[in-house]
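Here is the structure we will look at, set down as structure tokens.
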Amino acid sequence: MPWKESCAMEERTRFVGEHLSVDWTMVELCERYEISRKTGYKWLGRFRAKGPEGLKELSCKPRVHGRSTPQNLVEAIVDLREGRRTWGPRKIIAVLSARYPDDVWPSPSTTGEIFKRAGLVKGRRFGVPEPSRAVRCGRREVPGSRHRHGSSL
């Protein structure tokens, strides 16, 4: 017997179609599709609310991160930083904590990340070596002759 191929969307659509045909009870359909009745009713509810679009797979990720910095604090941090471009995260947090002691301000590292997201800081360039003095002066360095000028090879 060949393998039966189908995707979740096709199965859900078939489930709803068979339920609407009134040939099967909910219990029979759920047993046939090997799902719980709770899941069967959930699919029917989504289908009734949104039509076939309601049967698509929904994202499981949270809509809001539970520990994200509140937007009003982010705005205060960005506003102060825009007025004081030379101040770093520790100073910004110290000043804001003194001005608004009742608010819980994020750590300096989180404040630095807020600066990055707002485009208020430039990243550092790593991995680009500084040219040596000999190269800048137009001389060629010979291994083992660091302090001798004009040595022969």
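Tabulated results
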{"quantity": "Cβ-based net charge around Trp24, under 10 Å, with every Lys or Arg adding one and every Asp or Glu removing one", "calculated": "-3"}
{"quantity": "GluC sites (Glu not before Pro) within the stretch 34-125, DSSP loop, no more than 14 other Cβ atoms inside 10 Å", "calculated": "Glu34, Glu57"}
{"quantity": "Pairwise FRET efficiency - Val64 versus Lys42, Cβ, R0 = 30 Å, nearest 0.05", "calculated": "0.85"}
{"quantity": "Total formal charge among the other residues, if their Cβ is under 12 angstrom from that of Arg46, Lys/Arg +1 and Asp/Glu -1", "calculated": "+3"}
{"quantity": "For the stretch 1-82, convex hull volume per residue from C-alpha positions, Å³", "calculated": "177 Å³"}
{"quantity": "Surrounding net charge for Ala118, when Lys and Arg each add one and Asp and Glu each subtract one, Cβ distance under 9 Å", "calculated": "+2"}
{"quantity": "Solvent-accessible area per residue for the stretch 12-108 (1.4 angstrom probe, square angstrom)", "calculated": "75 Å²"}
{"quantity": "With every protein chain in place, the stretch 1-130: carbon and sulfur % of accessible area (1.4 Å)", "calculated": "53 percent"}
{"quantity": "Spatially proximal lysines relative to Lys42 (Cα-Cα < 21 Å; intrachain offsets below 8 disregarded)", "calculated": "Lys50, Lys56, Lys61"}
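The values are calculated or read from the model by the stated rules, or taken from the named source; none is laboratory data. This one's a predicted model, so the numbers in the text were calculated from it and none came from an experiment. Glycine gets a Cβ as well: all are built from the backbone with ideal geometry, and neighbour counts include every protein chain shown. Just the protein is used for accessible areas: all its heavy atoms, side chains included, with ligands, DNA and RNA removed. Shrake-Rupley method; radii C 1.70, N 1.55, O 1.52, S 1.80 Å.
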